[in-house]
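Here the structure is laid out as structure tokens; the discussion comes afterwards.
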Amino acid sequence: MGRSTECVSHPHYIGPRFMHLSHGLPAYSSCLGPLNIAPCARKSVDHAVNIAPPSLNLLHFINADIQMPNDSTTRLPADHPSSSAPTFKQLSRTPLVPEAVLKRHGAYCTIDTRFRACARTLQCIWLKAQGITTAASDDHSAASAHSSFGSTLSADAANAGKNFLHPDIHRLALQEWLLCEDDAAIDEERLFGNALSSMPLVFNLFGPLALDRELATAVFRRLLPNFVHSVERIIFEHSPGRRDDRFLADRTAFDLAVRVITPDGEQATVFIETKYSESMEGPAARMRDRYNEASKQVRLYRDADSASLRSVALEQLWREHMLAQLAVENGVTPRAIFMAIGPRLNRRVQAAFRLYEAELIDADRREPDRVAFAPLTLEAVVEAIAAAGALEPAHALWGRYCDFDQVYRLSIQELAGAENASSSVQPQYTRATNRRALPPARRSLRQSNRHGTSRASSPAKRTLGTAKQVEA
């Protein structure tokens, strides 16, 4: 497929043909229903054979026992006090979910990381609480055979938009899918039928903001107070120039592009990449000579030839940050920031953000027109939404994506029995009769099994047809 000429026909073009995403859509309502949505598709370029260097040793960074307080550590800017916003409680780490709990809820997958297993279980809990039918059988015997998961919606539920927090967000996702940029990589099955995917998360997280520019302005002022005065427009699954040689000559794209006005009255853009349960182990883009050229051209890195930038863990961040800088250099936007969002408890994602940041030239030595990298936690964005006054969407987002205490309590109930699930009394180490053995918990698999394939084939096929983009 050829690249869209719209992306390069005007030096300040930055999005699809329609000007305002909320046009023709009802205002975002406070009565939230079932959730889940996804951004128009993964921004990976073609998933060709990966010839990048081996992935970074993230395990070296994520196995350290990082001490965190029970309360979320998100801090809002000083000029936007958070005293009126609720304080969301979070565990210090994701629980190690017993295998019996995973299997009972259709969440058992042998290659899942600890975070992904917990996140998949949380999605299963959420779907069940919302009364949303899934593709897994009632006894989950099919799930244990990897034919389906409890986090996969049934075809009827997917078609009805149950993967989204509100019908307005579902309609927005449909609009973005149908009017996506030419050659956009949109996987509609993940978007509408996979509760665990980060695609629906993008729409659930930023859909309310796309439908309410005042809310969007309030949120981004809190997240980037020195960069954002007002939000003008939000665009999903955007690239300033797919397959254009002036950029990366591939299909690299962002989950989100937010057109803003800075406090100085200048136009600017916040380019956003969002992660949820990803383990940062690929798939990766096929290495191109253009990447090596651009890495030197953008003048962002301590060592433009660094093998770490080309590793499986970091190469997508590398590509997207280069694309953001090239958007500035080619006149698409006068200024930009590249923001990466991921859960605080997903240690692999957070380690990748830290490792990538270490590859960048220090801020005090960086040229003033270089695009900054702004890593944020998912929790920080949810808290900013709450602080901006959108309490119901914030609580709904927290409950679906961040409240791992639900998984912990479910696991405690499995291990200790329902009568002890909520008890705060210290256990008494007395001899007990008929004590039942603890069910096995998930343990790390041998490296030979880590990269096996066990993806479920989703029966939640879209009746609207397929929009998969296959590179020629």
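The values are calculated or read from the model by the stated rules, or taken from the named source; none is laboratory data. Since we're looking at a predicted model, the values are computed, not measured. Just the protein is used for accessible areas: all its heavy atoms, side chains included, with ligands, DNA and RNA removed. Shrake-Rupley method; radii C 1.70, N 1.55, O 1.52, S 1.80 Å.
Annotations
- Surface exposure of region 294-334, expressed per residue as accessible area with a 1.4 Å probe, stands at 26 Å².
- For region 195-275, the solvent-accessible area works out to 24 Å² per residue, with a probe of 1.4 Å and every protein chain left in place.
- Rolling a 1.4 Å probe over the protein heavy atoms of region 160-307, with every protein chain left in place, gives an accessible area that is 43 percent carbon and sulfur.
- Stretch gain in nm, segment GLN130-ARG366, where the contour uses 0.36 nm per residue and the Cα spacing is subtracted: 80.1 nm
- Computed over protein heavy atoms with a 1.4 Å probe, the accessible surface of region 148-190 works out to 30 Å² per residue.
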